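Each remark here refers to the structure printed beneath this line.
The values are calculated or read from the model by the stated rules, or taken from the named source; none is laboratory data. A quick note: this is a predicted structure, and the numbers were derived from the prediction, not measured. We place every Cβ from the backbone using ideal geometry, glycine too, and count neighbours over all the protein chains shown.
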2 protein chains.
Amino acid sequence: MNYSKQREIIIDTLTKNAVHPTAEKLYEIIKREHPESKIGIATVYRNLNKLSSAGKVKRINALEDSEHFDNNTHEHYHFMCNKCKQIFDIEADIAPDLVKKIFDKTGFLVTDYDIVFNGICKSCQKK
Amino acid sequence: MNYSKQREIIIDTLTKNAVHPTAEKLYEIIKREHPESKIGIATVYRNLNKLSSAGKVKRINALEDSEHFDNNTHEHYHFMCNKCKQIFDIEADIAPDLVKKIFDKTGFLVTDYDIVFNGICKSCQKK
DNA sequence: AATAAAATGATAACGGATATTATTTTATGA
DNA sequence: TCATAAAATAATATCCGTTATCATTTTATT
């Protein structure tokens, strides 16, 4: 992967915005914060795809219309609040050894997975 | 929900096809098996949405372009093989008490979730 | 500096899903 | 059982997130 200014901005912006933005959201932020960059939406999609194939970004399939992205590729899950629509991190230790358990039980080799819980977050419950 | 012949066919066909079809696939099967029914694709989508809101059908977000549906609404997970693209069931006991664990740990109230593993199934590994 | 490979911007195109609308079917109850 | 309102349907236009295309620019290599 060759260097590009745009990719640097994309990675940088995703890292600074740990809110798990969609490609579109990320594009908006970049346009706002780097108006000189003249970056195109296709470039954002192209790079997020490339980075997620390379394992440098995690794609989150959030039971919604569009995908979200996360610069944290360490094992963890997500929780999306149905009211405020925010996405929170959930530590992976609530369900240990999933890959091994599945292999032992079924012989299936898990290479990737994505766990997204839906519900109401703590602060939205109080409202 | 009022009765309709089309909805009956949709439920019936989904029940008989435990392969977790997409709306489009289901539509094709119905056209083939009930050519007299003249069912429209929008009706299939409309009913699957309605049935899943009513909890009578489970929507599966399979890290793919389109959604799949499952008539089995009991708690279980899914495994999608990257080679043969088949979707298999995984029993829920590999990760017990997720909802409770999340609530205890974070205060978030989980109302729904969807776990889809990706990888290579047993028979595709041999090839 | 010359060249090839990679990346970009602009935008057309794709495709899954939904909205629209006129029509038909179902449920209700007089 | 007929009249009426609500629900559902078929056909299709539309929406919108994402990808493909392609001419141009940038990066890496020698």
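Kindly indicate the residue of segment A:32-49 that is out of contact with any helix residue (DSSP H, G or I) (no Cβ under 8 Å at 6 or more places or on another chain) and surrounded by 14 or more Cβ atoms within 10 Å (Cβ to Cβ) and also farthest from A:Lys85 (Cα to Cα) among those meeting that condition.
First, pick out the residues of segment A:32-49 that are out of contact with any helix residue (DSSP H, G or I) (no Cβ under 8 Å at 6 or more places or on another chain): A:32, A:35-36, A:38, A:40, A:42, A:46, A:49.
Imposing the further condition that a residue be surrounded by 14 or more Cβ atoms within 10 Å (Cβ to Cβ) reduces the set to A:46, A:49.
Details: A:Arg46: 25, A:Asn49: 23 Å.
Looking at residues that are out of contact with any helix residue (DSSP H, G or I) (no Cβ under 8 Å at 6 or more places or on another chain) and surrounded by 14 or more Cβ atoms within 10 Å (Cβ to Cβ), I get A:Arg46.
Tally the residues that are outside any helix (DSSP H, G or I), at negative phi and more than 8 Å from every other protein chain (Cβ to nearest Cβ), restricting the search to segment B:84-102. Don't jump to the end; show me each part of the working.
Initially, segment B:84-102 is screened for residues outside any helix (DSSP H, G or I), giving B:84-91, B:95-97.
Add one more test, that the residue is at negative phi, and what stays is B:84, B:86-91, B:95-96.
Right, trim to more than 8 Å from every other protein chain (Cβ to nearest Cβ) and you get B:84, B:86-87, B:89, B:96.
Number satisfying all stated conditions: 5.
Among the residues of segment A:61-77 satisfying the criterion of being more than 12 Å from DNA strand D (Cβ to nearest atom) and more than 12 Å from chain B (Cβ to nearest Cβ), which is surrounded by the fewest Cβ atoms within 10 Å (Cβ to Cβ)? Please lay out each step first, then the result.
At the first step, the residues of segment A:61-77 found to be more than 12 Å from DNA strand D (Cβ to nearest atom) are A:63, A:70-77.
If we keep only those that are more than 12 Å from chain B (Cβ to nearest Cβ) as well, we get A:70-76.
Working: A:Asp70: 20, A:Asn71: 17, A:Asn72: 13, A:Thr73: 12, A:His74: 8, A:Glu75: 13, A:His76: 14.
Only one residue fits best here, namely A:His74.
Can you say whether B:Leu26 is under 30 Å from B:Asp93 (Cβ atoms), away from DNA strand D (no atom under 13 Å from the Cβ) and at pLDDT 95 or above, as far as the supplied structure shows?
Numbers: under 30 Å from B:Asp93 (Cβ atoms): yes; away from DNA strand D (no atom under 13 Å from the Cβ): no; at pLDDT 95 or above: yes.
The answer is no for B:Leu26.
Restricting attention to segment B:1-23, which residues are near DNA strand D (Cβ under 8 Å from one of its atoms), modelled with pLDDT of 95 or more and exposed (fewer than 13 other Cβ atoms within 10 Å of the Cβ)?
Filtering segment B:1-23 down to residues near DNA strand D (Cβ under 8 Å from one of its atoms) leaves B:1-7, B:10.
When the remaining residues are screened for being modelled with pLDDT of 95 or more, the result is B:2-7, B:10.
Once the filter is applied, which keeps residues that are near DNA strand D (Cβ under 8 Å from one of its atoms), modelled with pLDDT of 95 or more and exposed (fewer than 13 other Cβ atoms within 10 Å of the Cβ), segment B:1-23 yields B:Asn2, B:Tyr3, B:Ser4, B:Lys5.
Quick check: is even one residue across segment B:4-23 of a type in the set (Gly, Ala, Ser), more than 10 Å from DNA strand C (Cβ to nearest atom) and under 27 Å from A:Asn118 (Cα atoms)? Please lay out each step first, then the result.
Step one: filter segment B:4-23 for residues of a type in the set (Gly, Ala, Ser), giving B:4, B:18, B:23.
Still in the list and also more than 10 Å from DNA strand C (Cβ to nearest atom): B:18.
With the extra rule that they be under 27 Å from A:Asn118 (Cα atoms), the set shrinks to B:18.
So far as segment B:4-23 goes, yes, one or more of its residues are of a type in the set (Gly, Ala, Ser), more than 10 Å from DNA strand C (Cβ to nearest atom) and under 27 Å from A:Asn118 (Cα atoms).
Cβ-Cβ below 8 Å, separation at least six or inter-chain, first residue in segment A:61-72 and at pLDDT below 90, second acidic (Asp, Glu) and within 14 Å of DNA strand C (Cβ to nearest atom): which pairs?
From residues that are at pLDDT below 90, the pairs are A:Asn61/A:Glu67; A:Leu63/B:Asp114; A:Ser66/A:Glu24.
Failed condition for B:Val116, given (1) over 23 Å from B:Met1 (Cβ atoms); (2) more than 7 Å from every other protein chain (Cβ to nearest Cβ); (3) in contact with a strand residue (DSSP E or B) (Cβ under 6 Å, 6 or more places away or on another chain), with all others met?
For B:Val116, the failing item is (2).
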